[in-house]
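Novice: Here you go, one structure.
The values are calculated or read from the model by the stated rules, or taken from the named source; none is laboratory data. Please read all numbers here as calculations on a predicted model, not as lab measurements. Positions of Cβ are generated from backbone atoms using ideal geometry, with glycine treated the same way; all protein chains shown enter the neighbour counts. What goes into the accessible areas is simple: the full protein's heavy atoms, side chains included, and nothing from ligands, DNA or RNA. Shrake-Rupley method; radii C 1.70, N 1.55, O 1.52, S 1.80 Å.
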Amino acid sequence: MVGLAGRFGSASAALVFAGSLVATGHGDGFRFLRVHRPGPAAAGTGDGSGAWWVAVEMALDLGRELVSTAHGRLYVHTDGRFQPDRGWGLPPAAAAGDAAGEAVPTSGFGSASVVEVVRAAGLHPVVAGTPTEAVVLLPGALAGGVVQRALELGLSVRYRPVRLDPLFDTPQSAIPQSATMQSATTRSDTTAGPFGGGRVATELRLSAASAEPLPASLLVALNHDPFVLLCRATGDRLLVQHAMASALPDPLLAGLVDADTWVLADGSFGCWRLVGLGEPMDAAALVRLMDGYRLEAPEQTITAPGDTSLRLAGRPVAIVAGRTSGVDIDAALLDDDDLASIPPLLAGHPLAEIAVVVRGRDRHLLLAPGGLLERLPVGEPLYCLGPGPLFLPVGYRTRPRLPPTARRALFGVADDIAVVALPARAVAFDLHAREPVWTLWAGPGPELDLQLPPEAVAALADVDTQVTPRPPEPGPVSAPEPSASGWQRARELLKRVRNRAPEAPSAPRTWLDDALEAEFADNFVRAAELHERNGDPLRAAHLYERAARRNGARTSP
């Protein structure tokens, strides 16, 4: 092991070298140094930022590699001086740098704190990722709106009040700073800024279920709000502004945090030491500032002589507003005006090939095998809650929540009866009456002019003459009977003509009917296989996803 020191022209380079030391197991033995009485070799690099030094004991060959990687110059500690290293061979001799005036006395150095180096290095923009957890610092007046949006997206939100103390309490003129943190100290030491004069803010911790990434749209919106500081959390003691980074990677920077929690941000927010004022709490209460259901003791009901057991009365099932994030559009409920708007919307649309409509008295149901998979500008969008064809409006749920068997029994759902549960009523549709949606704008076909050859027309006239009954004539002479060959020829002509006569238009049964019936029977895999086999992978994927969600709900604890 050799006493080494790396000299760097910027605090960022010194941080990069420090990160390499931590990564190689030398994180406990290095020190940041600054020259108090600079000599010729330590007077800076000509860019005005001064020189930053990092001293450590380690193997010479590894030190040479790490210092050169960070674009620094290596010195070896010998007899109270830092002697410049040649970069190869043995360490320099004790007086090797004295003659050239490049040796630096160690007595001219003073220690620099990690906070000073991080402050001078500043932050730089980076490509923002999609974390699974984020921390938001904002004034309390804005917390309710952010929590409301996060809950609508199905996120878990916890909050607590925090106190923000200035991270940099040394004079600003003592340390050169990068542009990204130029005003960090002045902002922290004044009462200006989004967090107000009290330096107390609200911390929100957002997280998604099953370690899924947070919605990118929410992150972009929060990051563009000038009164909100969006951070990514590294461990329990480091918060870094979203889409910004230090020269040191987050895990290594977190290892250098000395105490409390650091908040690193650009000059518009400042840098702080964060102190929590209590334990995090569920943030759902921030958007439900009203009285809930009063607590009452259940009445005792005597069910038999001498029986004093309690029987709780069932609560009426209601359709109430609730979060339905992640659901797909499976159908649409239309009124008469909406039904009249469907032809110009779907004529020529691929959905017209598979969608069906069930007409009712004043309400109508539009659905398609595999779901509509898109929002129409008319009607009320529905999602299939199941089991079978039980639909609810998007943004609504049952209260209380019911298992599938209870939903089927209470709503009267059957494979051939579709039920749409609305907040005020439930409407049912006979699925046997469904018809292709194109029948809304396609009327009867043209009348066919059957082109028969002249001999066929004459033969038909002859048959008509022979089979038409005649009134009896006086006298014993009876009407001549047609020959057997004439009857045979008439039957054949009539059969041929009838087979070629136009019939009323009808919709023959297709694989789409099989897929829709399999879907209503909760056999999503069978329905998906039919769509996949017939070249519709999008609807097949949607049905496979519904099958996976249904199976996951059945097996979850």
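Novice: Ignoring ligands, DNA and RNA, how do Arg34, Arg73 rank by accessible area with a 1.4 Å probe, largest first?
Specialist: On the way: Arg34 50, Arg73 90 Å².
The ranking, largest first, comes out as Arg73, Arg34.
Novice: Report the extension gain between Ser217 and Leu402 in nm, rounded to one decimal, defined as 0.36 nm multiplied by the number of residues separating them, less their alpha carbon distance.
Specialist: Values: separation 185, 0.36 × 185 = 66.60 nm, distance 3.25 nm.
In short, 63.4 nm is gained.
Novice: Loop only per DSSP, at most 15 neighbouring Cβ atoms within 10 Å: give me the GluC sites (Glu not before Pro) in region 374-468, ordered by residue number.
Specialist: Values: sites: Glu374, Glu447, Glu455; in loops: Glu374, Glu447.
For GluC sites (Glu not before Pro) across region 374-468 that sit outside H, G, I, E and B with at most 15 neighbouring Cβ atoms in 10 Å, the list reads Glu374, Glu447.
Novice: Then there is this: So the label point goes 7 Å from the Cα of Leu62 along Cα→C-beta, right? Which residues of region 7-31 then have their backbone N under 17 Å from it?
Specialist: 17-31
Novice: In addition: Under 19 Å from a label point 7 Å along Cα→Cβ of Ala340: give me every residue in region 360-374 with its amide N that close.
Specialist: Under cut-off, by backbone N: 360-366.
Novice: Once you put a point 7 Å from the Cα of Leu277 and another 7 Å from the Cα of Trp511, both along the Cβ direction, what distance in nm separates them?
Specialist: Between Leu277 and Trp511, the label points sit 6.5 nm apart.
Novice: Lys and Arg at +1, Asp and Glu at -1: add these up for the other residues within a Cβ distance under 9 Å of Arg205 and post the number. Don't jump to the answer; show the numbers that get you there.
Specialist: On the way: positive: Arg158, Arg160; negative: Glu133, Glu203.
Residues near Arg205 contribute 0 overall.
Novice: Moving on to the next point. Between Leu123 and residues 5 or more places away or on another chain, which pairs have amide H atoms under 5 Å apart, with H built 1.01 Å from N, and which residues are they?
Specialist: Residues meeting the criterion, in which the H sits 1.01 Å from N, are Thr180, Met181.
Novice: In addition: Once phi is turned into ³J(HN,Hα) by the Karplus curve 6.51 cos²θ - 1.76 cosθ + 1.60 with θ = phi - 60°, what whole-Hz value does each residue of region 371-386 show in order, with x for glycine and proline?
Specialist: x, 5, 6, 7, 8, 8, x, 10, x, 9, x, 10, 10, 8, 7, x
Novice: Moving on to the next point. Which order do the peptides 349-356, 379-386 take when ranked by the mean count of other beta-carbon atoms within 10 Å per residue, highest first? All intermediate terms of the calculation are to be shown ahead of the outcome.
Specialist: Values: 349-356: 16.9, 379-386: 21.4.
Taking the mean over residues of other Cβ atoms within 10 Å, the ranking is 379-386, 349-356.
Novice: Let me ask something else about it. Whole-Hz ³J(HN,Hα) for each residue in region 71-77, computed from phi via Karplus 6.51 cos²θ - 1.76 cosθ + 1.60 with θ = phi - 60°, x for glycine and proline: what do you get?
Specialist: Karplus values, whole Hz, x for Gly and Pro: 6, x, 10, 8, 10, 10, 7.
Novice: What residues have an amide H closer than 5 Å to that of Tyr383, excluding those fewer than 5 places away on the same chain, when H is modeled at 1.01 Å from N in the peptide plane?
Specialist: Asp330, Leu392, Val394
Novice: Suppose the chain between Asp415 and Asp462 were pulled fully straight at 0.36 nm per residue; how much longer would it get relative to their current alpha carbon spacing?
Specialist: Numbers: separation 47, 0.36 × 47 = 16.92 nm, distance 5.42 nm.
Here the segment from Asp415 to Asp462 would lengthen by 11.5 nm.
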